[in-house]
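The values are calculated or read from the model by the stated rules, or taken from the named source; none is laboratory data. No experiment lies behind these values; they were computed from the predicted model shown. FYI the Cβ positions are ideal-geometry reconstructions off the backbone, even for glycines, and counts take in every protein chain you see.
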Amino acid sequence: MNFEAENPDGARIYTNIDLTNRNSIIFFKEFLGGEFTFGQEIIFSCFRKESLTDIRELMSIENDLMNMFNSENLYIIDFLDESRFYFLYRHVFDLNSPNLIVKLWEYFYSLSFFVLNKGYLFNDAKVYFKNHEKRDVHLKNFLRSGFSDVAYIKGLGGDTLIKQIC
């Protein structure tokens, strides 16, 4: 993983995220561990709409993830059919969180995650995403509205991380 550039919008671009390479995975997990603190509530905005993953690998990842999701930490925004869905998931950062983020990264076509600012709750994020999820892909309006100071966005192809800063 390499820091590539910072654009005028305040986004930092990290490239060469290779989740097939052991050293790259370790470095990515260390980076994530340095971005968050234990006990922080992270909100994940996840979208799944592709069929390129090997079915056995896909089922294994799905089983792991579905064991974590429940009505208290998951909000389904849109369920188009059994393979295409969009939802929000909240998770309290702990020692296993970098592993979780790697799994989410591998499974979801589109993934963004962030920590809400004080005064905002999971329900506030649910309302925002229900109304704006298709129009605010890079979460710039989300950040400008004060929900969070930073959003992490998986780039197309999965080998880039965009750290969008307000």
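Regarding Ser24, is this residue surrounded by 14 or more Cβ atoms within 10 Å (Cβ to Cβ), at pLDDT below 95, touching an Asp or Glu at 6+ places or on another chain (Cβ under 6 Å) and farther than 18 Å from Leu95 by Cβ? For Ser24, the condition - surrounded by 14 or more Cβ atoms within 10 Å (Cβ to Cβ), at pLDDT below 95, touching an Asp or Glu at 6+ places or on another chain (Cβ under 6 Å) and farther than 18 Å from Leu95 by Cβ - is met. Within the range 156-166, being surrounded by 15 or more Cβ atoms within 10 Å (Cβ to Cβ) and either modelled with pLDDT under 90 or of a type in the set (D, E, K, R) (or both) holds for Gly158, Asp159, Lys163, Cys166.
Tallying residues that are at pLDDT below 90, among the basic types (Lys, Arg) and surrounded by fewer than 16 Cβ atoms within 10 Å (Cβ to Cβ) within the range 104-154 yields 4.
Hey, could you check the range 121-166 for residues that are assigned to a loop (DSSP other than H, G, I, E, B) and touching a Phe, Trp or Tyr at 6+ places or on another chain (Cβ under 6 Å) and say which is nearest to Leu32 (Cα to Cα)?
Here is the first cut: in the range 121-166, the ones assigned to a loop (DSSP other than H, G, I, E, B) are 121, 133-139, 145-149, 155-160, 166.
Then keep just the ones that are touching a Phe, Trp or Tyr at 6+ places or on another chain (Cβ under 6 Å); that gives 136, 147-148.
Working: Asp136: 23, Phe147: 20, Ser148: 17 Å.
Checked the range 121-166; the qualifying residue nearest to Leu32 (Cα to Cα) is Ser148.
Assessment of the range 91-98 against the conditions (more than 21 Å from Asn21 (Cα to Cα), among the charged types (D, E, K, R) and modelled with pLDDT of 90 or more) yields at least one matching residue. The set of residues in the range 88-117 being part of a loop (DSSP other than H, G, I, E, B) and without any contact (Cβ under 8 Å) to a residue 40 or more places away in the chain consists of Asn96, Asn117. Name the residue that is surrounded by the fewest Cβ atoms within 10 Å (Cβ to Cβ), counting only residues in the range 27-49 that are assigned to a strand (DSSP E or B) and modelled with pLDDT of 90 or more. Restricting to residues being assigned to a strand (DSSP E or B) and modelled with pLDDT of 90 or more, the top hit is Glu41. Tyr14 satisfies every condition listed in (1) part of a strand (DSSP E or B); (2) modelled with pLDDT of 90 or more; (3) more than 23 Å from Tyr89 (Cβ to Cβ) except (3).
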